[in-house]
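Accompanying notes for the structure given below.
Only the coordinates and a few stated rules stand behind these numbers; no lab work does. Since this is a predicted model, take the numbers as computed values, not measurements. A quick note on method: Cβ atoms are made from the backbone with ideal geometry, for glycine too, and the neighbour counts reach across all protein chains shown.
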Amino acid sequence: MPDPRILILATGGTIAGVAGSATRHDYRPGQIGIDDYLAKVEAIGLPATLEGRQIANVGSEDMSPAIWARLHAEIAAAFADDACDGIVVTHGTDTAEETAFLLDLTLPSDKPVVLVGAMRPADAVGYDGLRNFANAVRVAGDRRAAGRGVLVVMGDRVFAARDVRKVRTRGSEDAFRGFPRGSVALVTPSALEWFGAPWRSDNCARHALPAEMPEVPILYVHAGLEPGMVDRLTGPRTRGIVVAGVGEGNMPEPVRGKLAALAAQGLAVVRASRVDEGLVDREPDDESNRFVAARAFNPQKARLLLQLLLANGRRDPAAIQAGFDDPYA
Ligand code: DAS
């Protein structure tokens, strides 16, 4: 078997970050360019042919719709290129789950697309980036990865885009978790074990990526939240709102009343949970309030999904709810 040909799309993050000293806590993400990174990687001797392309070099807190659009276009072109077997995207860990989920919903899944990052900068003691990178290349070069949508590789585990979330701000082993499913495979630089068969019923993209994403803020609920906050968060351009509710998507009664009034006027309102592993199912009042339940999607993923649904013409709460019940239908 010839070595797989993997396109590396670099966007920055800690995996390309530098502190300047192994004993400094602070560091600058997105410092190493892809050519230098691949020169560093060459020493490992991975069984793959790598081609690098720099898309951005930012901390992923600065990830933006413009970078997403460029990434999306580059990956779509790589899908059409017979000389490419798989794609790895190097990315900061802070918003990797959002980029992965957005690409997952808007790209076909006939070639592996794998996001990878690091929890420690490249000059730190115990830099995890090289191992994660080697793991990601192994996954991207495996034909069995196709049909599983976009994947995220961190800490010797492979996660599906729809499940993955960053759950720790420190530590290289357990910083990411999958919910409601855990990881979908175990990976090391020398082995890869999938836990099940590919799950996408076909390889088609599920939603078109719009030129402009509709405005959808997230309302973070806390004890004592007042309905005036809804006014401060929404404006004439706002098309929807995601509630990061307490518990199972709950909110103070006056806030609920305010949102129900806005939903009656056509604002899409999605109830998610601020709890890390929050599952929000429909409750009886959702029907009359015209609310949508986010199911297992956390607020930041619920926001992206709602933006895509709105941009692709879904307006009615029942149609939006169907999109949340199964975004891959
Ligand atoms: N610097 C942050 C980011 O780019 C953290 C990281 O990459 O781990 O998301």
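Neighbour counts of C-beta atoms inside 10 Å place M229, M251, M1 in the sequence M1, M229, M251, starting with the fewest. Arranged from fewest to most other beta-carbon atoms within 10 Å of their beta carbon, H222, H25 become H25, H222. The average projected area of segment 24-138, computed from the convex hull of its Cα atoms over all directions, is 7.2 nm².
Extent along the principal axes, Cα only, for segment 271-329: 30, 25, 17 Å, with the longest axis given first. Over all Cα atoms in segment 231-271, the spread is summed up by Rg and Dmax: 10.0, 30 Å.
Proximity of backbone amide H atoms, modeled 1.01 Å from N, is registered between L219 and V242, V243, A244 at under 5 Å, excluding neighbours fewer than 5 places apart on the same chain.
Once you treat every alpha carbon in segment 66-198 as an equal point and sum by Debye, what is log10 I(q)/I(0) at q = 0.12, 0.16 Å⁻¹? So the normalised log intensities work out to -0.40, -0.73.
Charges were assigned to the Cβ only: +1 to each Lys and Arg, -1 to each Asp and Glu. The resulting dipole of segment 18-100 about its Cα centre is roughly 280 debye. Could you tell me what % of all Cα pairs in segment 210-257 have separations over 13 Å? When every Cα pair of segment 210-257 is considered, 57 percent fall beyond 13 Å. Note on the chain: antiparallel DSSP beta bridges, both residues inside, total approximately 35 percent of the bridges counted.
The alpha carbon centroids of segment 1-63 and segment 75-128 are separated by 11 Å. Tally the DSSP beta bridges in segment 1-156 and give the antiparallel ones as a percent, rounded to 5. Of the beta bridges lying entirely in segment 1-156, close to 5 percent run antiparallel.
On full extension, the segment bounded by A264 and I218 gains 14.7 nm, given 0.36 nm per residue less the C-alpha separation. The tail of the calculated P(r) for the chain beyond 35 Å holds 23 percent of all Cα-Cα pairs. Between the residues N250, L304, L279, the greatest Cα displacement towards the positive end of the dipole of the chain, with unit charges on the Cβ of Lys, Arg, Asp and Glu, is found for N250. Relative protection proxy for 148-155, 271-278, 103-110, from highest mean packing down: 148-155, 103-110, 271-278 (other beta-carbon atoms within 10 angstrom).
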